[in-house]
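Here the structure comes first, spelled out in structure tokens, and everything after it is commentary.
Just so it is clear, none of the values below were taken in a lab; they were calculated from the coordinates. Please read all numbers here as calculations on a predicted model, not as lab measurements. Every residue, glycine as well, gets a Cβ built from its backbone with ideal geometry; the counts of neighbours run over all protein chains shown.
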Amino acid sequence: MTERSAQIPSGAPARGPRRLIFETGAPESRCVEPPPLDVPELDLKVRLQGRAKIRHEMPMLPHVTEVEIARHYSHLASMNFGVDTGSYPLGSCTMKYNPRIGEDAARYEGFAGLHPYQPIETVQGALELMCRLAEALGEISGLPGVTLQPAAGAHGELTALMCFRAYHLASGIERRRVLVPDSAHGTNPATVAMCGFEAITLPSDADGGVDLAALDEALDDDVAAIMLTNPNTLGLFERNTLAINEAVHSVGALSYCDGANLNAIMGITRPGDTGFDALHINLHKTFGTPHGGGGPGAGPVCVTEALKPFLPGPIPVHLDDGSFGLAEPARSIGRVRSFFGNFGVLVRAYAYIRGLGGEGLREVSEQAVLSANYLKERLRDAYELPYDRTCMHEFVLSGVRQKREGGVRTLDIAKRLLDYGFHPPTIYFPLIVEEALMIEPTETESLEELDRFAKAMLAIAEEVSTDPALLKAAPFTTPVRRVDEVAAARKPDLRFRREG
Amino acid sequence: MYPSDLKYDKEHEWVRVNGDIATVGISHFAQDQLGEVVYVDLPAPGDSVTLGEPFGEVESVKSVSELYAPVNGEVVKVNESLTDSPEIINEDPYGEGWMIEIEMSEPSEVDVLLSAEEYEVFVTEEE
């Protein structure tokens, strides 16, 4: 590294972080020159007559030329890593490639240019798209009642549990507890608490599924629901789904499926057919919207006929005269989102579903499962595989052997992967696996790319024995080397302040 | 790694007993598993704690974990220095990294806690 850096002339622009936009440019730099004022100037203070606060100092805006802006943000983008840069096997996140056709569809003027307060007869196309998307999601999930309002997965969870609560209250019984397996996403117990229920943790059995004996013990008429992720966060199909849902229903409770991992089962099995009462779908994971930067997403919720009356409204409907309108479910919990949710995400999802068709969606899931199992088999000898079963779209390895042998932690393995040009997998989740590495290759990576990833992981396992110090110092090739996560968490520096 | 004058529970807390006062922290094993601690949430003096129930939270760069009370009683003292310097928990888990002092309502409860040897066996099985 030192040899190479000696050849870079001083004054060359940094590959890594450069100055902030506020520190770039000069006071006289401008992007645009406004035309000279050709109307009489007014004194704001006089006009406002003390009715508003007037700032006395100029705001601290950057003074830069157009090309400086272009270069600044292009450089920031070049330091970033995304699915368009390389593969991104971030378990549980389904960071697959999103076809560009979805972007094209979302930008059609008839969709992108709509205003939510437009008269209903002028937005028939948008309503038709929402109706047809809801129908398609109902068919994929086997749950006919659909709301498209929730803006993300956790929002969908909350919406579903609010419907559950309303359902129980409507039958005159208040139930207080919700069961959540210990492998669940943290959003599940958080949703339970947000909804005013108490979360009860269910242990996993040796197979990675729900411990049926513990379930039996926890079930009584105070249980409102179970929240099950299927496939679960270990990437395993819950083999006892039918038995679990039957037991849950036998005490009058409802069963919720966290649909975070829908990418593994589309067109193969439907949560509605296996006894679930509700499911949320992450359109931004499975159905073609780029994500990972905090949104926008969409987390529609699909429910049984019995829960349909409680869904948030209004719901787009196909009217008898052939036109499209809006309807309010009879015992609706009310709106959970302004207007119609993140409509652009809905357009992308519809384009994705129609583009692939039913058979295509099934192939997506088959390929995602095949890719994960292929990688699992290639890596099983080099890393610990705590739950050795045929996996679904993702699998969880453990770095305990590497930790024991070279003192190399999973975090170090993840950092080293960056040098090989891969975004690291999810690490330290699920919590029930020590030194976890959760790998989800997705269906959009080619065999060649999967092999390249396997080769990198195997090379790193080698490096653990030959040069553990190297791994602890990695990454070497990224614009920013190892980030001081402790300092970032303990003493976050979040705001720019001009010195002096 | 596991001082013999301390008692331990299966949630990886340690207890130092002095009369009816129990000083509580987390074990070397626990701090190692957590990794670098960045934040601790502790109760206030006067709060009561229940055996086996969470009394606080510890957050590391990896995860957030609950702290479980090893005995019943009332919190009489809290290690305030952990608020600004939670890293002490990693550096000195049995000394400066102590978390709370509990006035035990039933001091005999400590008898069922694990000895250092028993805890070490338990930890080896966990690994």
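State, to one decimal in nm², a quarter of the convex hull surface area for the C-alpha atoms of the stretch A:171-290, i.e. the direction-averaged projected area.
7.7
Over 30 Å between Cα atoms, which of A:285/A:472; A:403/A:491; A:285/A:415; A:96/A:415; A:491/B:77 qualify?
Correct reply: A:285/A:472.
For the stretch A:221-295, just the Cα atoms, rotate onto the principal axes and tell me the three extents in Å, largest first.
Principal extents (Cα only, largest first): 41, 25, 21 Å.
Pick out, from A:190, A:284, A:460, the residue whose Cα sits farthest towards the positive end of the charge dipole of the protein assembly as shown, with +1 on the Cβ of Lys and Arg and -1 on the Cβ of Asp and Glu.
A:284
Please compute the length gained on full extension between residue A:268 and residue A:31, using 0.36 nm multiplied by the number of residues separating them and subtracting their Cα-Cα distance.
Length gained between residue A:268 and residue A:31: 79.8 nm.
Treat every Asp and Glu Cβ in the stretch A:398-500 as -1 and every Lys and Arg Cβ as +1, leave all other atoms uncharged, and give the resulting dipole magnitude about the Cα centre to the nearest 20 debye.
740
Take every Cα-Cα distance within the protein assembly as shown, group them into 10 Å bins from 0 onward, and report for each bin the whole-number percent of pairs it holds.
The calculated distribution, bin by bin, is 3, 13, 20, 23, 21, 13, 6, 1, 0.
If each of residue A:57 and residue B:121 carries a label point 7 Å out from its Cα toward its Cβ, how far apart are those two points in nm?
Distance between label points: 6.8 nm.
Report, as an integer, the average count of C-beta atoms from other chains found within 10 Å of each Cβ along B:30-36.
Other-chain Cβ atoms within 10 Å of each residue's Cβ, averaged: 2.
Placing +1 at every Lys and Arg Cβ and -1 at every Asp and Glu Cβ, with all other atoms neutral, what dipole size does the stretch B:7-126 have around its Cα centre, in debye to the nearest 20?
In total the dipole reaches around 60 debye.
For chain A, build the charge dipole from Cβ charges (+1 Lys, Arg; -1 Asp, Glu) around the Cα centre, then report which of A:265, A:444, A:40 sits farthest towards its positive end.
A:40
With both partners inside the protein assembly as shown, how many of the DSSP beta bridges are antiparallel, as a percent to the nearest 5?
75
Contact order normalised by length for chain B, with contacts defined as Cα pairs under 8 Å and 6 or more residues apart; what percent is it?
31 percent.
Remind me, relative contact order of chain A in percent, using alpha carbon pairs under 8 angstrom and six or more residues apart?
Normalised by residue count, the contact order of chain A is 18 percent.
How high is the FRET efficiency between residue A:169 and residue A:354 when r is their beta carbon distance and R₀ equals 41 Å, given to the nearest 0.05?
Calculated value: 0.60.
Over the stretch A:15-92, how many percent of alpha carbon pairs lie in each 10 Å bin up to the one with the longest distance?
Values per bin, smallest distances first: 13, 26, 25, 19, 12, 6, 0.
Using only atoms on other chains, find how many Cβ atoms lie within 10 Å of each Cβ of peptide A:483-490 and report the average.
Per residue, the average neighbour count from other chains is 5.
Where the only charges are on Cβ atoms (+1 Lys, Arg; -1 Asp, Glu), what is the dipole of the stretch A:30-76 about its Cα centre, to the nearest 20 debye?
360
Using only alpha carbon pairs under 8 Å that are at least six residues apart, calculate the relative contact order of the stretch A:367-489 and give it in whole percent.
The value is 29 percent.
Which helices pass in chain A if a helix is a full DSSP H run, must span at least 24 angstrom along its long axis by Cα, and must have mean Kyte-Doolittle hydropathy not below -0.5?
A:124-141, A:153-170, A:343-379, A:447-466
Using C-alpha positions alone, give me the convex hull volume of the stretch A:356-428 per residue in cubic angstrom.
106
Determine one quarter of the surface area of the Cα convex hull of chain B, which equals its mean projected area, and express it in nm² to one decimal.
For the Cα atoms of chain B, the hull's average projected area reads 6.8 nm².
For the stretch A:367-489, restrict the atom set to alpha-carbon positions and state the Rg and Dmax in Å.
Over the stretch A:367-489's Cα set, Rg and Dmax evaluate to 14.0, 41 Å.
Residue A:45: which lysines have alpha carbons under 30 Å from its alpha carbon, excluding same-chain residues fewer than 8 sequence positions away?
Filter leaves A:53.
If each DSSP helix of 4+ residues adds -39,500 (n - 2.57) and the sum is divided by the residues in chain A, what number results at 222 nm, nearest 500 deg cm²/dmol?
Taking each H run of at least 4 residues, the total per residue is -11000 deg cm²/dmol.
Computed over the Cα atoms of the stretch A:279-411, what is the ratio Rg over Rh, Rh following Kirkwood?
So for the stretch A:279-411, dividing Rg by the Kirkwood Rh gives 1.13.
Given the Cα atoms of the stretch A:101-356, and with Rh set as the inverse mean 1/r over their pairs in the Kirkwood sense, what is Rg to Rh to two decimals?
Rg/Rh: 0.98.
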